[in-house]
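Engineer: First, the structure itself, so that you have it in front of you.
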Amino acid sequence: MSRKRLTTLDCALLGIVDIEPVSGYDIHRLFSTSPMGAFSSSPGAIYPALDRLEKQGLLRAMLDDSTPTRPRRVYSMKEAGEAALEAWLREPVSRDELVRSPRVPVLRFSLAERRLSRSECISYLEGFRRAVTSYAAELREYVANQPSSGQVHTRLAVEHGIEGYECQARWAERATEELKRAPETRLSYGGGS
């Protein structure tokens, strides 16, 4: 079966289910009570995405009827889901992603600890830092090439973006140094088809 490109929500769901088997309600609650809500807390998006991931063979759903009055579907990873998650976690940060989905690189990093080695995570952070530094420089050049009589609000808004990217680059550098000093934390998996 040809697989459609996974959405950010799909990948976030795979990353959550990778931590431990969970129900759609558990995921909705997590999204509603944590920064994950930035990616969707809507049951109208979460449940169809879980169903789609199950149909694509990435997740397995089992009925948990341990509470007879409230049975629930509990999702766990399948081997294909693990592979899809790992492929997404290894994607380098691109300029396009920084422009269109600026929260995704950090989401990917936050879910990588269980699947990628420390050296892979450090490489990812170094690539992230290079990407944001390059894009901030591109924006600085844009501002420098604008007429001095340009709109003040536009310039200030672009400078806001530049400072945000520079802040991300500093964070990536600090995080890289911290990971270099930290012990290896990657968990080993035995497969989960």
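Engineer: Could you please let me know if Ala137 is exposed (fewer than 14 other Cβ atoms within 10 Å of the Cβ), under 25 Å from Pro35 (Cβ atoms) and of a type in the set (Gly, Ala, Ser)?
Structural biologist: The answer is no for Ala137.
Engineer: Take the residues in the stretch 58-72 that are crowded, with 16+ Cβ neighbours inside 10 Å and in contact with a Leu (Cβ under 8 Å, 6 or more places away or on another chain); name whichever of them is farthest from Gly127 (Cα to Cα).
Structural biologist: Only one residue tops the list, namely Arg72.
Engineer: Any residue that is out of contact with any helix residue (DSSP H, G or I) (no Cβ under 9 Å at 6 or more places or on another chain), closer than 29 Å to Arg5 by Cα and not assigned by TED's automatic domain parsing to the domain that holds Arg60 - is there at least one of those in the stretch 152-171?
Structural biologist: So far as the stretch 152-171 goes, no, none of its residues is out of contact with any helix residue (DSSP H, G or I) (no Cβ under 9 Å at 6 or more places or on another chain), closer than 29 Å to Arg5 by Cα and not assigned by TED's automatic domain parsing to the domain that holds Arg60.
Engineer: Then there is this: Restricting to the stretch 40-77, give me the number of residues that are touching a strand residue (DSSP E or B) at 6+ places or on another chain (Cβ under 7 Å) and outside any strand (DSSP E or B).
Structural biologist: Residues in the stretch 40-77 being touching a strand residue (DSSP E or B) at 6+ places or on another chain (Cβ under 7 Å) and outside any strand (DSSP E or B): 4 in total.
Engineer: Given the criteria surrounded by 14 or more Cβ atoms within 10 Å (Cβ to Cβ) and either assigned to a loop (DSSP other than H, G, I, E, B) or in the same structural domain as Arg129 (by TED's automatic domain parsing) (or both), does Glu91 qualify?
Structural biologist: Taking the combined requirement at face value, the residue satisfies it.
The values are calculated or read from the model by the stated rules, or taken from the named source; none is laboratory data. Everything quoted here is computed from the prediction, not taken from an experiment. Note that each Cβ is placed from the backbone with ideal geometry, even for glycine, and that neighbours are counted across all protein chains shown.
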